[in-house]
Amino acid sequence: MVNHVNPGRYGDSKTHFFSAWTADGFKSTRYKNLDYDGFVPVNYAPITPGDIIEATSEKTIKVTIKIFRSKDDGDWWLHFGYDSQNLSRVGYWPKNIFNNMVDHANLISWGRGGGFTQSSVRDASPTMGNGQWPGETSSFVRDVKYVNPDGQGDSEPAPGHMGLRAYISHVKCYALSPFINDMFSYGGPRGCTE
């Protein structure tokens, strides 16, 4: 799940709610938003993958996302809200499309880290996040929790499960802060040609 600006896909420069999923680690399956009959949206959801995300203030977009496997039906439910106390169901991925996830996910990523950018080889890079290097004024992800089968969050993964890992493909162009107090910041300015 990630906020996504992609004029080629959406026809505008607005921020969209984007999801991608795979059943085999992106080897042969890679599905985006509602492009394939995998994600099942629910009626009256506050948002659907691909929709525009409205800013909560003049320049700020704050959203809360929670994904967990329901003990009741075994499906993987997505919840969304503009604050962590008021989440609504958006939809679910049926358990039968994930044949390797009996009771937990092997990997969940945020835009391949905190953010993700892409440009043609000849073009300078676009901004990541709000264009600031990680710090007090940059984009951030906070309240990161591991969710148990009851839907409750914890700061630490269950024993035997992997914790958070950072990946930065172009360290001269973008950066990621350390993960402290359930949050991290990320970003970088436009114009990098490394």
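The values are calculated or read from the model by the stated rules, or taken from the named source; none is laboratory data. Source: prediction; values computed, not measured. All Cβ positions, glycine included, derive from the backbone under ideal geometry; neighbour counts span all protein chains shown.
Structure notes:
- Some residue of the range 78-87 being in a strand (DSSP E or B), over 18 Å from Tyr146 (Cα atoms) and at pLDDT 85 or above: no
- Among residues of the range 11-27 being modelled with pLDDT under 75 and either of a type in the set (Asp, Glu) or in a loop (DSSP other than H, G, I, E, B) (or both), the one that is surrounded by the fewest Cβ atoms within 10 Å (Cβ to Cβ) is Lys27.
- Residue match in the range 111-132 (condition: at pLDDT below 70 and over 19 Å from Asn6 (Cβ atoms)): no
- A residue that is among the polar types (S, T, N, Q), part of a loop (DSSP other than H, G, I, E, B), under 30 Å from Ala23 (Cβ atoms) and modelled with pLDDT under 70 occurs somewhere in the range 89-102.
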